[in-house]
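Below is one structure; the comments refer to it alone.
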Amino acid sequence: MAEEAVELARREIAYCETLLAKAAPTCSARPFATRLKSRPGTHYPTGDVFDPTSGAQWFYHCHPAEEGAEEHGHFHCFLRPQGPQGPIHHLAAVGVDAHGRLLRLFTVNQWVVGDDWLGAEGTIALLPRFDVQMPRPSYLVNRWLTAIFTAYEQQITELIRERDRTLLAHRQPESVEARQDRALEVTSEFKLSGR
């Protein structure tokens, strides 16, 4: 990806975060944090966000609060290359704190999201298509997520390759396929600090 496009996407991320912060004391997770605080594991919004033009899809959810946990929740991001009734492929997850600050990018095992499995190179080929141009539930959050996939495309590409290497090397119990082994949830991770 051209360095110019990456720099432009990083400015877009900063712009969206600035506007979201002005609207509320917290930024990107704000529209979701209050709704999900008492309902960990619930998808927000109900039915997910789906862009019929690009096939991009996402939902936000959080897990039960753990003492000292920095992450409030994460956005699971997918692509449906053949439209809403076609196969769905998990690209990456975007972890944020309770103020909506970007903490990490990561991939998960297939059992976590129940997507249609696609190997690393096939999944990587879908990354440029993740573009959510939807007004709801939050136009700025949609722009922010789209910019993350542009700004961090190189890192997400490596995460997806690492996901497959992790699954290949994983020693699971007999009769359990690595992609279905519940002992393996996160398959690769990139922590962001001091963007």
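Per-residue answers, yes or no, for (1) hydroxyl-bearing (Ser, Thr, Tyr); (2) closer than 26 Å to Ala14 by Cα; (3) not in a helix (DSSP H, G or I):
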{"position": "Arg136", "(1), (2), (3)": "no, yes, yes"}
{"position": "Phe149", "(1), (2), (3)": "no, yes, no"}
{"position": "Glu162", "(1), (2), (3)": "no, no, no"}
{"position": "Leu168", "(1), (2), (3)": "no, no, no"}
{"position": "Phe190", "(1), (2), (3)": "no, yes, yes"}
Query raised in the report: How do the strands (runs of 3 or more DSSP E) wholly within the stretch 1-86 filter down when requiring 3 or more residues that are modelled with pLDDT of 95 or more: which remain?
Result: 56-61, 73-79
Query raised in the report: Which one is most open to solvent (accessible area, probe 1.4 Å) among residues in the stretch 86-117 that are touching a His at 6+ places or on another chain (Cβ under 7 Å), of a type outside the set (A, V, I, L, M) and free of Cβ contacts under 8 Å to residues at least 60 places away in the same chain?
Result: Asp116
Query raised in the report: Somewhere in the stretch 169-180, is a residue under 23 Å from Gly55 (Cβ atoms) and either out of contact with any strand residue (DSSP E or B) (no Cβ under 8 Å at 6 or more places or on another chain) or modelled with pLDDT of 95 or more (or both)?
Result: yes
Query raised in the report: If a residue has to be touching a residue at least 40 places away in the same chain (Cβ under 8 Å), open to solvent by 50 Å² or more (accessible area, probe 1.4 Å) and assigned to a helix (DSSP H, G or I) to count, how many in the stretch 118-134 make the cut?
Result: 1
Report summary line: Matching residues in the stretch 135-165 (more than 14 Å from the chain's Cα centre (by Cα) and either under 11 Å from Leu105 (Cβ atoms) or open to solvent by 30 Å² or more (accessible area, probe 1.4 Å) (or both)) number 11
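Sort out which residues of the stretch 170-184 are in a helix (DSSP H, G or I) and open to solvent by 40 Å² or more (accessible area, probe 1.4 Å), and write them in order of number.
Of the stretch 170-184, the ones in a helix (DSSP H, G or I) are 178-180.
Residues satisfying the conditions are Arg179, Gln180.
The values are calculated or read from the model by the stated rules, or taken from the named source; none is laboratory data. Nothing here was measured: the structure is a model prediction, and the numbers come from that model. No Cβ is skipped: glycine too gets one built from the backbone with ideal geometry, and neighbour counts run over all protein chains shown. Surface areas here come from the heavy atoms of the whole protein model, side chains and all, with no ligands, DNA or RNA. Shrake-Rupley method; radii C 1.70, N 1.55, O 1.52, S 1.80 Å.
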